[in-house]
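These notes are about the structure you will find just below.
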């Protein structure tokens with residue numbers, strides 16, 4: 001099968017630090033290539049892949065000071081122009097860019113599918129409604145509930161996959177709580193600090209701060225930093241992340257939005273690290289309350305239930321993580337591709 005994978009130009013594939021969508025694109029691209037398919041990855045020039053790489057941006061735009069954010073969309077348009085130019089080379093084109101690609105995909109003769117990695121906001125909803133007939137994949141059942149499940153042509157729900165073997169548990173003393181992810185209101189960083197303070201436990205905060213979240217960080221997070229009790233580490237790479245999971249009593253996950261999936265949950269489970277999470281979005285699809293996580297609706301509820309963690313059989317965390325393997329994800333996407341392709345084009 002000749003397959004094109006479309007990534008954004010914001011991060012490289014795989015991402016150096018933060019970049020959930022780009023990590024999924026990497027796992028999917030490599031899995032398809034290893035299965036013998038002819039894969040082309042449309043991504044930034046600094047991406048690393050065993051597939052054919054096609055780029056319009058030399059490096060990830062988020063770390064490229066040459067261009068302002070208002071100029072990023074020009075690269076999305078250029079990429080889609082390149083996709084349209086090469087469309088006859090593919091049996092199927094898989095869009096991970098989002099709404100930017102939809103007007104271009106609608107006019108192509110080959111099969112197309114779009115995985116929705118981010119929630120549909122009011123500013124882009126008219127675009128999705130205009131192209132609601134195109135095939136879409138949701139990354140959780142919760143995603144559909146909160147994102148036009150009765151309007152868009154959802155053809156499957158496929159959970160994101162991680163390289164479970166890359167997140168092997170380590171026998172290490174666990175001493176602190178961990179917040180890992182983008183530092184912002186949606187991810188609930190301030191609530192994570194409150195939980196740690198009420199429990200009198202150290203908290204390590206690891207993640208990037210986007211420009212739009214500078215004010216949140218400066219006013220609500222920075223004044224409460226108190227190393228080593230409340231410590232901001234910054235954005236971390238794969239090896240640092242593994243070490244952080246290994247030393248964590250629990251991952252604090254007090255999200256303040258209907259998160260579609262959340263790779264941190266799957267990664268933590270794979271390292272036998274339970275979570276303390278708010279009941280939002282897909283949390284109860286990935287976690288089991290009272291077994292692999294404490295799930296509640298407030299800071300006080302999670303604090304009060306913290307002692308339950310001491311009774312958990314942590315090995316159940318990893319068993320649950322196996323449901324979210326990259327191999328399962330690749331197989332599920334191949335099933336969708338075959339359904340969308342005309343029989344004469346399936347190879």
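Bear in mind that the values in this text are calculations on the coordinates, not laboratory data. None of these values were measured; they are calculated from a predicted model. When we count neighbours, we look across all protein chains shown, and the Cβ atoms used for this are built from the backbone with ideal geometry, even at glycine.
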Fill in: Relative intensity, log₁₀ I(q)/I(0), of the range 45-156 from a Debye sum that treats every alpha carbon as a point, q = 0.20, 0.22 Å⁻¹
-1.19, -1.30
Item to complete: Please give the residues of the range 77-108, grouped as numeric ranges, whose backbone N is less than 11 Å from a label point set 7 Å along the Cα-to-Cβ vector of residue 2.
Response: 86-92
Practice prompt. Assuming R0 = 56 Å, can you tell me the calculated FRET efficiency for the pair residue 225 and residue 133, based on Cβ-Cβ distance, to the nearest 0.05?
Written response: 0.70
Worksheet item: What ranking do 26, 96 get, fewest neighbouring Cβ atoms within 10 angstrom at the top?
Response: 96, 26
Worksheet item: Given R₀ = 25 Å, FRET efficiency for residue 155-residue 85 by Cβ-Cβ distance, to 0.05?
Response: 0.40
Worksheet, complete the sentence: Rounded to the nearest 10 degrees, the helix 326-340 long axis (Cα) sits at an angle to the longest Cα principal axis of the chain of 30
Discussion item. How tilted is helix 20-34 with respect to the longest principal axis of the chain? Cα atoms for both, answer in degrees (0 to 90, nearest 10).
Written reply: 50
Response to the item:
D (µm²/s, integer) via Stokes-Einstein for the chain, Kirkwood Rh across alpha-carbon pairs, 20 °C, 1.002 mPa s: value 102
Item to complete: Take every Cα-Cα pair in the range 184-250 and report what % of them are more than 16 Å apart.
Response: 46
Worksheet item: Which semi-axes, in whole Å and largest first, does the equivalent ellipsoid of the range 275-331 have when worked out from the alpha carbon gyration tensor as the square roots of 5 times its eigenvalues?
Response: 24, 14, 6
Practice prompt. Equivalent ellipsoid semi-axes for the range 164-323, as square roots of 5 times the alpha carbon gyration tensor eigenvalues: give them largest first, rounded to whole Å.
Written response: 22, 17, 16
Worksheet item: Which peptide among 2-10, 59-67, 166-174 comes first, and what is the full order, when sorted by highest mean count of other Cβ atoms within 10 Å?
Response: 2-10, 59-67, 166-174
Fill in: Sum of -39500 (n - 2.57) over DSSP H runs of 4+, divided by residues of the chain (222 nm, nearest 500)
-8500 deg cm²/dmol
Discussion item. With an 8 Å Cα cut-off and a minimum separation of 6 or more residues, compute the relative contact order for the chain in percent.
Written reply: 16
Worksheet item: Rounded to the nearest 0.05, what FRET efficiency is calculated for residue 124 and residue 175 with R0 set to 51 Å and r the Cβ-Cβ distance?
Response: 0.75
Fill in: the range 263-334: relative contact order as a whole-number percent, Cα under 8 Å and 6+ apart
38
Worksheet item: Which value results when the Cα radius of gyration for the range 10-107 is divided by 2.2 N^0.38 Å?
Response: 1.05
Worksheet, complete the sentence: So residue 309 and residue 210, fully extended at 0.36 nm per residue minus their Cα-Cα distance, gain in nm 32.4 nm
Practice prompt. Compute the long axis of helix 189-199 from its Cα atoms, compare it with the longest principal axis of the Cα atoms of the chain, and write down the angle in degrees, 0 to 90, nearest 10.
Written response: 30
Worksheet item: DSSP beta bridges in the range 164-323, what fraction antiparallel, as a percent rounded to 5?
Response: 5
